[in-house]
1. Give the separation of the Cα centroids, segment 137-195 to segment 301-353, in Å.
2. If you take the Cα atoms of the chain, find Rg, then find the Kirkwood Rh from the mean of 1/r over all pairs, what is Rg/Rh?
3. Taking amide H positions as placed 1.01 Å from N in the peptide plane, with prolines and chain starts having none, which residues 5 or more places from Gln29, or on another chain, fall under 5 Å of its amide H?
4. How do Thr601, Thr382, Thr93 rank when sorted from fewest to most other Cβ atoms within 10 Å of their own Cβ?
5. Would you mind pulling out the separation of the Cα centroids of segment 448-475 and segment 41-109, in Å?
6. For all pairs of alpha-carbon atoms in segment 332-458, what percent lies in each bin of width 5 Å, listed from the first bin to the last filled one?
7. Largest first and in whole Å, what are the equivalent-ellipsoid semi-axes of segment 123-254 based on the Cα gyration tensor, each being the root of 5 times an eigenvalue?
8. For every other residue with a beta carbon closer than 10 angstrom to the beta carbon of Leu213, add +1 if it is Lys or Arg and -1 if Asp or Glu, then tell me the sum.
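No value in this document is a laboratory result; all are computed from the given coordinates. All values reported here derive from a predicted model rather than from experimental measurement. When we count neighbours, we look across all protein chains shown, and the Cβ atoms used for this are built from the backbone with ideal geometry, even at glycine.
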Amino acid sequence: MRPKRFDPGRVGHHTGAVTTISSPTNAAQSLLLHSPDGPDAAWWRHAVIYQVYPRSWADGNGDGIGDLPGVTARLPYLRDLGVDALWLSPFYTSPQADAGYDVADYRDIDPVFGTLRDADAMLARAKELGLRVIVDLVPNHTSDEHEWFQAALAAGPGSPERDRYIFRKGSGQDGNEPPNNWKSVFRGPAWTQVEVGETDDQDAATKLGQWYLNLFDSKQPDLNWENPEVRAEFESILRFWLERGVDGARVDVAHGLVKRKGLPAWDEDNVMIDDHDGEGETKASLPTNAAPMWDQDGVHEIYRAWRRVLEEANPTGDPAQDKILCAEAWVEPIERLVDYTRPDEMHQAFNFAFLTSPWTATDLRDVIGESLLENDRVGAPTTWVMSNHDVIRHASRLGLPVGSHRPNGLGPDGPQPDLEVGLRRARAATTLMLGLPGSAYLYQGEELGLPESAEVPDDMRQDPVWFRSNHTERGRDGCRIPMAWEADAPALGFNTTGEAWLPQPAPYRELAVDQQVGVEGSTLELYRTLLASRREHDLGTGGLSALEGFDDDVVAFVNEAHDGARVALVLNLGAEPVALPDGELVVASGDLVAGALPCDTAAWVLLP
Ligand code: NOJ
Ligand code: CA
């Protein structure tokens, strides 16, 4: 759905504080969109959190797959980059049918990533370096190799073991058709029939095997969240990781746990990633909860219970010790997304409306304004994000034609991004993002300007969507390529053996960390400056106002810290360079032209 037009009248009504402050420049600050937090705001309201994709960040034992000892060894890089925390995608025991989002044991580490001792060592080292650690919790489904699912298969229809999952009789005359028409997010039907014989499975009425629901891969059976045992188990898993010292969890598919009663039919394709083409209203403009498997009201009581578990883990209530939850919830509209971050639920929810915004000034202004307005309504920070392990990296995504359909992955035959334009825009987008109040997530390698790889050989692809779409959607492997650390080392320094589970494309070499560190104007140095200046000027806890006086194709705000210091954030999407307001240039995403800000460039100016 296209973000709603931002209506300043509504903001004024909401905050009761529409002010026009004259500025010494041609630009006037007006319309308070969001008030600043106090100086003692809890860490997660403004933290910058770096996503480590463990398979692809650093490989300690040289087998070609990243691991926890690799992560631990590279942690000083994150301290030097200037982030506050890291979130790691799953490293638990898993057959890796969906790169670890198919968990077979939530309380242990997959041998590919190491051991629990390695996890403890990683947590201890992060603490030493002043970095907080967020883990990934996957509650919508387990692996089919989880002991609960194996027990369910063995126990047969009607058993308490099967009731932990969503087993149903088939439809059609012989029960040989899926129970309903739901489709998997990874394509194909969302149901898998259990083979009769193999598990001695006999449905009394049909004599045919039952079906189980899998909204993702058939190796990811959905749990039944109506079952109290499931609820108790996940509270216990959360406690397990909190006791090991983690600072919180990112919650996978947080909008999927509860399904509408009766599992009513739903014809639409299931997409997590809204790929509307920006051309008016599409089917995807229905609110997410129109679909019986997403955003059902019943999910919220689960998160209220989890919030209580987190609060038990911080008995003194010291905000510096807050443990947090971040929702991965592809929920529209934003009014419904912020239900996940009400005061007694989660702390953060990824702002995917920002990530998917078309590259126009109007769309960006609208989504930023609306996000702040809606989050303020529930007292939550806004959680900005541009890239993760599920979407085309923004250095490539923003190089696709503006407003075009966004493909799921890139290959040699589909649309090709303009990489120069993409990188320029990506640097500008991040410069805008890190100037905004709230929390922000970065995805590993974006600080190097890494593009998506369109060069993964098809026979090395691993994303289940590639197989389930009958090789029509390339999927997400291209954003999961091993990290580029050193231009002249084996596998670009990912390890010392040169093995890599996915090949690094040629452009990664000159983008490696050692090619950028200390190099003026490099993307890595841009990120370091942004992160340091954001901290220095308290931008994460600042208030935000519109900055008037620019043409429509310029996005311009003032971030005003609680001590009154003001930083202008200006992003020019128009063809002509624009004059910046008077003041001290803090940082720019690209070179200025005769002192003016050119197209697809953003800058921060400390106002006098
Ligand atoms: C969202 C995760 O980010 C994605 O990688 C995964 O495939 C699905 N959830 C299913 O767990
Ligand atoms: Ca390894």
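1. Cα centres, segment 137-195 to segment 301-353: 29 Å.
2. Over the Cα atoms of the chain, Rg/Rh equals 0.96.
3. So Gln29 has HN proximity to Ile21, Ser23, Glu548.
4. Thr93, Thr601, Thr382
5. 21
6. Pair shares across the bins are 2, 11, 20, 22, 18, 13, 8, 4, 2, 0.
7. Working from the Cα gyration tensor, I get semi-axes of 35, 15, 11 Å.
8. +1
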